[in-house]
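Reviewing the structure listed below.
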Amino acid sequence: MSSHSKAPPLRRREYPYALFLLPGALAFLAVIVVPFLMNAGISLTHWQGVGSPKWAGLANYRDLLDDSAFWESFRHSLAMVVAMAVLPTALGLVLAAALFDYIAKHIGTRTASVLRACFYLPQVLPIAVAGIVWSWILAPENGALNEALGTVGLGSLRQDWLGDPDFALYSVMAVMVWVQLGFPLVVFMAGLQRADPSLHEAAELDGASWWRRFWHVTLPQIRPEIYVVLLWCTIAALKVFGAVYVLTKGGPGGATNVPSYFSFQSFFEKTQVGYGSAVSTALTVIILALALVALRLQTRAEDR
């Protein structure tokens, strides 16, 4: 009997997963790309939110470059980068190493897990709830912080923490450190779990101290996590809005204003919709450029 060879199977499509990506691509287009392009278009007009917009070209952006209030708010956002990216990353590294290397090994993994959850709790709380609680704590009259200072005999240190221009920004920064700390901590603890323990054991046998092991062995192994945390937290800091809105509304006297809230004021308080759109468009471009540069630097570092 002659055997008949089977026909070759139909060739699969070259891009079999394109259909699965289509819904997400359409959602991204509808939720991100189209609103951004509409916002960029409005930024080229003078418009109060009603009536017909009047073409203005780049006039809003020229005004933006000369607006000292905007640049002051941008300087405040750099302070927020310190409070939400730099400090939480540094503190998260140390606390994650302490929980992983000392608490988990000498006291117990359950205790380390409970402490990790406690540090992460502010990330779960809605920022409006956290802001209201901290506004009670920092209230000048009957606030928990001022009452505690008076109880321990430090009543002279009482301040209007959110109402004094000299202290308001630092108070908001302290709150944001508290809010943001849990995210780097959790990411770094996950990174430490994949670190090679044999390298730590070899360094310990060579007589390296805990700090030297942490600096020369631990940090290089969790460098990808550090890049991710710094980028994620920096973007969050540049677009922070809720905490400023709840705690100070940009005050007192613009001492805590940031670009996102500055844009909100232009939109809804001053009804300068075109100018507010220019602020938000400029902020979006800055964030995208920062993200691209950070990803490029991370790729180069990984290649090396």
Only one of these conditions is not met by residue 75: (1) loosely packed, with under 14 Cβ neighbours inside 10 Å; (2) charged (D, E, K, R); (3) over 25 Å from the mean Cα position of the chain (by Cα). Which number is it?
(3)
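Sort through 179, 244, 240 and tell me the only one that's open to solvent by less than 30 Å² (accessible area, probe 1.4 Å), touching a residue at least 60 places away in the same chain (Cβ under 8 Å) and out of contact with any Ser or Thr (no Cβ under 7 Å at 6 or more places or on another chain).
Working: 244 fails: out of contact with any Ser or Thr (no Cβ under 7 Å at 6 or more places or on another chain); 240 fails: out of contact with any Ser or Thr (no Cβ under 7 Å at 6 or more places or on another chain).
When all the criteria are applied, what remains is 179.
Every residue, every condition in (1) part of a helix (DSSP H, G or I); (2) within 28 Å of residue 65 (Cα to Cα); (3) open to solvent by less than 30 Å² (accessible area, probe 1.4 Å); (4) modelled with pLDDT of 90 or more, yes or no:
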position	(1), (2), (3), (4)
195	no, no, yes, no
200	yes, no, no, no
224	yes, no, no, no
233	yes, yes, yes, yes
236	yes, yes, yes, yes
250	no, yes, yes, yes
264	yes, yes, no, yes
274	yes, yes, yes, yes
286	yes, yes, no, yes
Condition check for residue 32: touching a helix residue (DSSP H, G or I) at 6+ places or on another chain (Cβ under 8 Å), open to solvent by 40 Å² or more (accessible area, probe 1.4 Å) and either at pLDDT 90 or above or within 30 Å of residue 270 (Cα to Cα) (or both)
no
Please go through (1) more than 21 Å from residue 84 (Cβ to Cβ); (2) open to solvent by 20 Å² or more (accessible area, probe 1.4 Å) for residue 187 and return the number of the only condition it doesn't satisfy.
(1)
Name the residues in the stretch 78-93 that are open to solvent by 20 Å² or more (accessible area, probe 1.4 Å) and under 12 Å from residue 192 (Cβ atoms), would you?
93
Six or more apart or on different chains, Cβ atoms under 7 Å: show the pairs whose first residue is in the stretch 256-276 and over 12 Å from residue 245 (Cα atoms) and whose second is open to solvent by 10 Å² or more (accessible area, probe 1.4 Å) and β-branched (Val, Ile, Thr).
267/273; 273/42; 274/42; 274/45
Restricting to the stretch 35-72, name every residue that is of a type in the set (S, T, N, Q), touching a residue at least 40 places away in the same chain (Cβ under 8 Å) and open to solvent by 60 Å² or more (accessible area, probe 1.4 Å).
48
If you check residue 113 against the conditions, is it over 24 Å from residue 262 (Cβ atoms) and of a type in the set (Ser, Thr, Tyr)?
yes
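The values are calculated or read from the model by the stated rules, or taken from the named source; none is laboratory data. Since the structure is predicted, the reported quantities are computational estimates derived from the model, not experimental observations. Note that we place each Cβ from the backbone using ideal geometry, even for glycine, and neighbour counts take in every protein chain shown. Surface areas here come from the heavy atoms of the whole protein model, side chains and all, with no ligands, DNA or RNA. Shrake-Rupley method; radii C 1.70, N 1.55, O 1.52, S 1.80 Å.
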